[in-house]
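A quick write-up on the structure given underneath.
The values are calculated or read from the model by the stated rules, or taken from the named source; none is laboratory data. All values derive from a computational prediction rather than experimental measurement. Positions of Cβ are backbone-derived with ideal geometry, glycine not excepted, and every protein chain shown enters the neighbour counts.
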Amino acid sequence: MTAVVLDGIVLGLQLGLLGVGLTLVYGLGGVLNLAHGQFAVLGAIVIARMLDASFSLWVAIPVGLVCIGLVGLLIDLTLMRPVYKLRGEERVLLGLLLMLGVGTIIDGLLEWRYPIEALSIRISGDPVPILGVSMRIGGLVGSGIALVAGAALFVFFRFSTFGRATRSVIQDEEGARLCGINPATVRTTIFALSAVLAGLVAIARAMTAPIVVTGGVRLTILALIVAVVGGLGSVSGAFLAGILLGVVSTVSAFYIGSYITSIILLATAAITIVFRPSGLLGHRP
Amino acid sequence: MTAPGQTSRPVGARSPSWQAPSLLRGYAPIGAVALLLALVPIFFQNSPSRMTVIIVGMLFAAYAISFNIIFGSTGQLFLCTGALAGIGGFSSAILSERGVPMLVSIPLGGLLAALVGGLLSWVAVRRSLDTIFTGVVTLAFSLSYDNLVLGRKDLTGGETGLRVGAGSDTILTDQVKPYYVFLALVVAYLVLYRAIQRSHLGWAFRALRDDEVAAELAGVNVARYRVYAGLIGSGMLGIAGALFAHHRGFIGPTTYAFGDVDVRVLVMLTFGGVGSLLGPVLGAIVFTILDEILVGFNQLRIVLYGVTIVALFLGFRRGVIPTLETARSKKRRTPAASTKSAED
């Protein structure tokens, strides 16, 4: 049982990091990035290709992250421009549909060019005993990455000027504009950052399970569920929801069967929407 | 403002004497399309592979009309078109396997899909007036459906799929006869769509699509009508999916997969025109032909669909049919305006 819960926490930290990227972009600009999982897969495949070309991991990872960040930057500067000109529901709908299109394009291109490519990062080392359970080193390093990224985000949003500017835009775009913050700059930066975070998730996850070309939609949906349960726009909510859902899904997979986990995740999201529409830690009006 | 009692009148029925022509005007396009499509097998009946493609095209037209009721009429972005059709298909196939006659199992499949779709709609619209939750809930449902099909191997056959025997030696086997069955389905769906448009449901749908808050203030129960649309559209998807399962004789996890069904239906509907009567049919025809032309470039077709989504929503959100209609009514208005100025 302890082992199952610990596995759930390892998965949950990955889910949390996955949800954070999605939740930030939605909180800022109202764009629900339906290509978030595909961003992660794209990053993973770039890294996998570089590893195939016998680059070292220390070169491949930064290059992969920069690549996916640039893709995010490019999409924000081109496709998202007309979206931000709209207001309210229309903006949400157009943003969502455009990103669905982008996700489909990435999926199609990757499946066309590299149908059997996959990224799995093996980290050598003996299993480490935690609470009497020996944990594989890969999962621990992956969790470490997620934790460090989460802590970095926390510090960034709490103490840096740009981070505080970002939070102010999430709270009130007009108000932030009146304080001299340019929402467009903040949005573009955070969109690119979110893409990098997606790439980071891919790396952390590749240490426990291979990232395959066709896994994008699945990752996107997991990110959506995490973001909704945690509260759209809330960083700490995403991590909390990630850990909660990670534990719930590993426990249910262990006792019932893996096919049931996504149904339980769906049910969790549905219950959250019905009883607490703003999510666990959401604070939207 | 119109009084509540008047709102239940059909569209265009200004007085009883106008009833017949407006009825004719309302349903004539459907008759014309049905007649044109009925001629298709004459040209292709000797090519079984072509007929297979055409039947799938008709199936997608039926999907797109159903999706149009949900998305076009009430603005709910259901990202589980394939999953709902799959619910109908699999449940109907499984029931038939257990001895339930096809004519009972197909409606039952539709009913199950309707219940699931209505439930999803209810969850998504219950609290807020937000499209975002519909997208999230239905996408998560797509994933659950996928895992269920792959996980419950005892019922669905898992990866290998399920053989559906009930449709063999009936009207659904062969090529030409099932084409007419699917054509009948498409025509029935079009008639239903028009009938809904002309009923009080249609009034409510238009009101809430144009301005949700105003509709709510005018006494339209927005959440309830959204759930109605979810119920009806999902039921239609389920029936279409079930019919296809019995026609094809084999269904697997990819028959109703998200990437194969949802994205295509969205593209077809948007291209033809969201919220228009014949838009879904036009979209299905155009993209079925395009698919056939690009049949050699397997994965690139998916890329093409993605590019089309982006392009359509950026530059051509209205679709072909609404654009044509505006152009025609403009043309009609111009001579009218000129005669008026001449009179002056």
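A few points about this structure:
- From B:Ser199, B:Ser234, residue being among the small types (Gly, Ala, Ser) and closer than 19 Å to B:Trp122 by Cβ: B:Ser234
- Residues that are free of Cβ contacts under 8 Å to residues at least 60 places away in the same chain and within 24 Å of B:Leu84 (Cβ to Cβ) do not occur anywhere in the stretch B:156-163.
- In the stretch B:319-331, the residues that are at positive phi form Cβ pairs under 7 Å with partners that are surrounded by 10 or more Cβ atoms within 10 Å (Cβ to Cβ), at six or more places apart or across chains, as follows: B:Gly319/B:Thr270; B:Gly319/B:Phe271; B:Gly319/B:Gly272; B:Gly319/B:Gly273; B:Gly319/B:Val274; B:Gly319/B:Ser276; B:Gly319/B:Gly279.
- Of the residues making up the stretch B:53-99, just one is assigned to a helix (DSSP H, G or I) and either acidic (Asp, Glu) or out of contact with any helix residue (DSSP H, G or I) (no Cβ under 9 Å at 6 or more places or on another chain) (or both), namely B:Glu97.
- Residues within the stretch B:49-90 that are crowded, with 24+ Cβ neighbours inside 10 Å, hydroxyl-bearing (Ser, Thr, Tyr) and more than 24 Å from B:Val191 (Cα to Cα), tallied: 0
- Checked against the criterion of being part of a helix (DSSP H, G or I) and within 23 Å of the chain's Cα centre (by Cα), the stretch A:116-131 contains not a single residue that satisfies it.
- Residue check for B:Ile239: crowded, with 23+ Cβ neighbours inside 10 Å, modelled with pLDDT of 85 or more, over 14 Å from the mean Cα position of the chain (by Cα) and more than 14 Å from every other protein chain (Cβ to nearest Cβ): no
Yes/no matrix, rows are residues, columns are (1) modelled with pLDDT under 90; (2) more than 14 Å from every other protein chain (Cβ to nearest Cβ); (3) touching a strand residue (DSSP E or B) at 6+ places or on another chain (Cβ under 7 Å); (4) not in a loop (DSSP other than H, G, I, E, B):
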site: B:Thr254; (1), (2), (3), (4): yes, no, no, no
site: B:Gly259; (1), (2), (3), (4): yes, no, no, yes
site: B:Asp262; (1), (2), (3), (4): no, no, no, yes
site: B:Val265; (1), (2), (3), (4): no, no, no, yes
site: B:Thr270; (1), (2), (3), (4): yes, no, no, yes
site: B:Leu277; (1), (2), (3), (4): no, yes, no, no
site: B:Pro280; (1), (2), (3), (4): no, yes, no, yes
site: B:Ile285; (1), (2), (3), (4): no, yes, no, yes
site: B:Leu290; (1), (2), (3), (4): yes, yes, no, yes
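- The stretch B:287-318, residues that are without any contact (Cβ under 8 Å) to a residue 24 or more places away in the chain, of a type in the set (Val, Ile, Thr) and under 23 Å from B:Ser73 (Cα atoms): B:Val310
- Some residue of the stretch A:184-195 being over 21 Å from A:Gln38 (Cα atoms) and either among the basic types (Lys, Arg) or touching a residue at least 40 places away in the same chain (Cβ under 8 Å) (or both): yes
- Flag for B:Leu150 being in contact (Cβ under 8 Å) with a residue 12 or more places away in the chain, assigned to a helix (DSSP H, G or I), surrounded by fewer than 22 Cβ atoms within 10 Å (Cβ to Cβ) and within 11 Å of chain A (Cβ to nearest Cβ): yes
- Taking the criterion of being farther than 20 Å from B:Tyr145 by Cβ and surrounded by fewer than 18 Cβ atoms within 10 Å (Cβ to Cβ), the residues of the stretch A:248-273 that qualify are A:Val251, A:Phe254, A:Tyr255.
- When the stretch B:221-236 is limited to residues that are hydrophobic (A, V, I, L, M, F, W, C) and surrounded by 24 or more Cβ atoms within 10 Å (Cβ to Cβ), the one that is modelled with the highest pLDDT turns out to be B:Met236.
- Per-region count, the stretch A:76-106, residues outside any helix (DSSP H, G or I), more than 9 Å from chain B (Cβ to nearest Cβ) and in contact with a helix residue (DSSP H, G or I) (Cβ under 7 Å, 6 or more places away or on another chain): 1
One line per residue, one yes/no per condition, for (1) under 16 Å from A:Leu245 (Cα atoms); (2) surrounded by fewer than 24 Cβ atoms within 10 Å (Cβ to Cβ); (3) hydroxyl-bearing (Ser, Thr, Tyr):
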residue	(1), (2), (3)
A:Leu11	yes, no, no
A:Gly16	yes, no, no
A:Asn33	no, no, no
A:Phe39	no, no, no
A:Arg49	no, yes, no
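- Members of the stretch B:169-217 that are farther than 21 Å from B:Ile42 by Cβ, touching a residue at least 24 places away in the same chain (Cβ under 8 Å) and outside any helix (DSSP H, G or I): B:Thr170, B:Ser199
- Matching residues in the stretch A:135-155 - criterion: being surrounded by fewer than 17 Cβ atoms within 10 Å (Cβ to Cβ) and within 16 Å of A:Thr23 (Cα to Cα): A:Phe154
- Among the numbered conditions (1) within 8 Å of another protein chain (Cβ to nearest Cβ); (2) part of a helix (DSSP H, G or I); (3) within 22 Å of A:Ala209 (Cβ to Cβ), the only one that A:Gly64 does not meet is (1).
- Test: residue in the stretch A:164-173 that is in a helix (DSSP H, G or I), among the basic types (Lys, Arg) and either within 14 Å of another protein chain (Cβ to nearest Cβ) or crowded, with 22+ Cβ neighbours inside 10 Å (or both): no
- Unique residue being surrounded by 18 or more Cβ atoms within 10 Å (Cβ to Cβ) and β-branched (Val, Ile, Thr) when the list is B:Thr156, B:Thr173, B:Thr160: B:Thr156
- Here A:Leu73, A:Leu109 are screened, and the one residue that is without any contact (Cβ under 8 Å) to a residue 12 or more places away in the chain, part of a helix (DSSP H, G or I) and crowded, with 16+ Cβ neighbours inside 10 Å is A:Leu109.
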